[in-house]
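**Q** Structure incoming, see below.
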Amino acid sequence: MNLQVIKNRVLYWLKVTVVYGLFLIIFFLISSFLLLQIPAVQSSLAKRFLKSFSVSTDFQTSINRMEFYWFDRLIIEGLTVEDPEENIMIGVDRLSVNFSFSGIFQDKDINLDATVLEGASVYLKTIQDGDSVRDLNINVFVSRINAMSKSGGGGGGAKISIGEAILKNSHFAMHTDRDTVSGMFDPNHFSLTIPDASLNRFMILGDTIEFNLDNLSAKEEKLDFSILNLSTFFRISQAGMEFRGIHLQAGESIISDTVLFTYSSQAALSTFIDSVSIEAHLDNSILNPNDLRLFFPIPEDIRTSVELSGDFNGRISKFRFQNMDLKKGNTRLQGTLEMDGIPNLDETFILLSLKESNIDFKDLDFIFNEKTLSRLTPLGQLNFRGQFLGYPTDFVAAGSFISSIGRITSDINLKINEESIDLSEYKGRLTLSDFDLGLYLNDTIRFQKVNMNGTLTGKGLTLQSANFTLVGEVSSIGLLGYNYTNIQTNARFASEYFNGKLQIQDPNLKLNVEGSVDLRKNLNRIQIRGLLDSAYLHNLNLVPTYTFLHSEMDIDIQGLVLDSLRGTAQLRTIEAQYDDESIELNNITLSAERSKLERQIVLNTSLFDAEVKGDFYFSNLFKDLPALIKEFRLNIENDSSEIQNYYTSKRGKIPNRYAADFKFNLKNMKSILDFLDIDV
């Protein structure tokens, strides 16, 4: 047999072997595929795998039925994962999985194209992990899967990726060992029903779970609280929780755009206010207090929604909110807010720096009590730019307020007296521009607009309770319908009290005095020295008839009622005009004394000196004084018929009885007679 024949036979048998080999491979593959289409075979293989998996993780995993469709689709029914304490951690009525057979396992990672879960339930519960550690069953489960991956020679833990996941009629519940939170959302014990949800790019790696949530609706069963729609990129781990690009409609609230929570462990969620740090960028978010009250201890006085934009950093108990744009009712606050002390609002330190903002105190009724609001609401709506620093009842307000009753510029510390707002204390710089004091005090007859600039220290927000020291300038103030101008003051003012210096350079009143006037508790003490340069009382709306006064004065008297009058009063360079009458005196000195037995009054003038002493009442004496002057005049004129007519008219009238000794020293008879209109 030659070489060519041998070569041809070898090639022939080689071709036969290849053909039959390919045929056997194809036959094996077709047979394997057909065999895998038998549900019993599929379930048997799956149960063998799950049995091995259950032994390795100690999480009993089982299925009722499994079917492969070709090599890229899997349907599982009745899937359960039971934790070591026999709690069903995961249950799925029906699971449909689409995958690429060539890509399902890559470097021990699991990659799925899509899944559909129907009737899924997840129950997270704290279980024992080892001798002394207790942790959520899901954390224990993931930890043991990662351990399996590492033991197989890989690097880190296995990654599970799902391109798209759809949930239908699902349920999620959590029950931990931590204490129950009553009266609000309990992050340690809650239950959610989820009618539908759509996720993509789902991934589990170590203790981290993340996914894009396209749409989710849910209801918290215990509180009957509904999430109407939630879309976000979500990530959770033992270090934090992220909601990026979030749009949440829950209850009456809307939250967008980014909210990040960081914490030492998920256990910190049970003490959320103090233990969880928040970094958030809010964009036109609407926060309803009834919704927030389910999660945080919001005061019951907050009743209307707040619209928020800005950047939040910190914990609920201590945070900084920058680029803030807050809207509530007619109020809009723009700027930066820092708060330290929530939920105890009365003990919360507040730093509020505002640019052009509007304040309606009715919208802030949750900060101020009813009595405080009653003093603030007369200001109306404020346009404000400045800073608020301190506590709700003890703060410094520095800035410019434009209200419906005038403009206020302040750098003043206000201590609110919550028991009696009218006794609140204040100290600092205050400027009032066209401020309608009458409207604020609800007394427009006595008080009108005021313009002033000065330092104010004292207490009291009403006419009756005010007690303050004012050092500064009152450029104008309306009193009894007249607008006084050019007033300098360094004095203490209170109801029925004045003490200090007062200078007025008004066209109708020029006055420069120092001293005190104390009319409190009927003390009625007047101690004043200074110059009344000019006073046109009729122009000041104090008298109806032309009246002018000028005098230097040095007064120290007590008692406004004649019978209680005592002390001294000295007036110099006196000028007085009343209607067409006028008088000029160089000096008037009045001295009044009284004891239990007698009274004495001494009057020294440039025209005459007079002294009256005895057991009498000044009121009776001054009541009879016109009669004494008339009788004195009749005796000087010596007209017998007029004298007879006068005394005839007095018959039958019983005069007041008292004893008084009179002494007169007449210095200028002509002036006296002219004043009495007596012709001699």
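The values are calculated or read from the model by the stated rules, or taken from the named source; none is laboratory data. Since this is a predicted model, take the numbers as computed values, not measurements. We place every Cβ from the backbone using ideal geometry, glycine too, and count neighbours over all the protein chains shown. For the accessible areas, the whole protein counts, side chains as well, though only heavy atoms, and no ligand, DNA or RNA atoms are used. Shrake-Rupley method; radii C 1.70, N 1.55, O 1.52, S 1.80 Å.
**Q** So how many residues does the stretch 122-145 have that are under 43 Å from the mean Cα position of the chain (by Cα) and either open to solvent by 40 Å² or more (accessible area, probe 1.4 Å) or of a type in the set (A, V, I, L, M, F, W, C) (or both)?
**A** Residues that pass the stated criteria total 8.
**Q** Let me ask another. Among the residues of the stretch 192-215, how many are part of a loop (DSSP other than H, G, I, E, B) and either open to solvent by 50 Å² or more (accessible area, probe 1.4 Å) or of a type in the set (Phe, Trp, Tyr) (or both)?
**A** Count: 1.
**Q** Quick one: count up the residues across the stretch 432-453 that are assigned to a strand (DSSP E or B) and surrounded by fewer than 18 Cβ atoms within 10 Å (Cβ to Cβ).
**A** Of the residues in that region, 3 qualify.
**Q** Which residues, counting only those in the stretch 551-587, are at pLDDT below 85 and among the aliphatic types (A, V, I, L, M)?
**A** Result: Leu560, Val561, Leu562, Leu565, Ile583, Leu585.
**Q** For the stretch 216-230, give me the residue count where each residue is part of a strand (DSSP E or B) and open to solvent by 60 Å² or more (accessible area, probe 1.4 Å).
**A** Going through the stretch 216-230 one residue at a time, the tally reaches 2.
**Q** Within the stretch 62-76, can one find any residue that is part of a strand (DSSP E or B), open to solvent by 20 Å² or more (accessible area, probe 1.4 Å) and at pLDDT below 75?
**A** yes
**Q** Here's a check for you: in the stretch 565-587, which residue that is of a type in the set (D, E, K, R) and open to solvent by 100 Å² or more (accessible area, probe 1.4 Å) is nearest to Ser534 (Cα to Cα)?
**A** Glu584
**Q** Residues being touching a residue at least 40 places away in the same chain (Cβ under 8 Å) and closer than 19 Å to Leu292 by Cα: count how many of those fall in the stretch 322-345.
**A** 3
**Q** How many of the residues in the stretch 338-348 are modelled with pLDDT of 85 or more and either more than 16 Å from Asp394 (Cα to Cα) or surrounded by 15 or more Cβ atoms within 10 Å (Cβ to Cβ) (or both)?
**A** So the count comes out to 4.
**Q** Something else about it: Name the residues in the stretch 379-430 that are of a type in the set (Val, Ile, Thr) and closer than 18 Å to Ala466 by Cβ, would you?
**A** Ile405, Ile408, Ile412, Ile416, Ile421 - these are the residues of the stretch 379-430 that are of a type in the set (Val, Ile, Thr) and closer than 18 Å to Ala466 by Cβ.
**Q** Can you tell me which of (1) open to solvent by less than 30 Å² (accessible area, probe 1.4 Å); (2) more than 12 Å from the chain's Cα centre (by Cα); (3) under 29 Å from Val181 (Cα atoms) is the one Ser309 doesn't meet?
**A** Of everything listed in (1) open to solvent by less than 30 Å² (accessible area, probe 1.4 Å); (2) more than 12 Å from the chain's Cα centre (by Cα); (3) under 29 Å from Val181 (Cα atoms), Ser309 misses just condition (3).
**Q** Also, quick follow-up: Which ones in the stretch 359-402 are open to solvent by less than 30 Å² (accessible area, probe 1.4 Å), modelled with pLDDT under 80 and of a type in the set (A, V, I, L, M)?
**A** Of everything in the stretch 359-402, those that are open to solvent by less than 30 Å² (accessible area, probe 1.4 Å), modelled with pLDDT under 80 and of a type in the set (A, V, I, L, M) turn out to be Leu364, Leu373.
**Q** Mind checking which residues of the stretch 588-625 are part of a helix (DSSP H, G or I), among the polar types (S, T, N, Q) and either at pLDDT 80 or above or surrounded by 15 or more Cβ atoms within 10 Å (Cβ to Cβ) (or both)?
**A** The one that is part of a helix (DSSP H, G or I), among the polar types (S, T, N, Q) and either at pLDDT 80 or above or surrounded by 15 or more Cβ atoms within 10 Å (Cβ to Cβ) (or both): Asn620.
**Q** Can you name every residue in the stretch 158-191 that is open to solvent by 60 Å² or more (accessible area, probe 1.4 Å), touching a residue at least 40 places away in the same chain (Cβ under 8 Å) and not in a strand (DSSP E or B)?
**A** Asp177, Arg178, Asp179
**Q** Filter the stretch 403-425 for residues that are in contact with a Leu (Cβ under 7 Å, 6 or more places away or on another chain) and of a type in the set (Val, Ile, Thr) and give the result.
**A** Passing the criteria: Ile405, Ile408, Ile412, Ile421.
**Q** Can you tell me which of Asp274, Asp283, Asp301 is open to solvent by 60 Å² or more (accessible area, probe 1.4 Å), among the charged types (D, E, K, R) and out of contact with any Ser or Thr (no Cβ under 6 Å at 6 or more places or on another chain)?
**A** Asp301
**Q** Next question. Before we move on, is Glu86 of a type in the set (Asp, Glu), surrounded by fewer than 14 Cβ atoms within 10 Å (Cβ to Cβ) and either at pLDDT 65 or above or not in a helix (DSSP H, G or I) (or both)?
**A** In short, yes.
**Q** May I pose another question? Just need a number here: residues in the stretch 454-466 that are part of a strand (DSSP E or B) and open to solvent by 40 Å² or more (accessible area, probe 1.4 Å).
**A** The total comes to 3.
**Q** Moving on. Quick one: would you say Ser420 is in contact (Cβ under 8 Å) with a residue 24 or more places away in the chain, exposed (fewer than 15 other Cβ atoms within 10 Å of the Cβ) and of a type in the set (Ser, Thr, Tyr)?
**A** Here the answer is yes, as Ser420 does meet what is asked.
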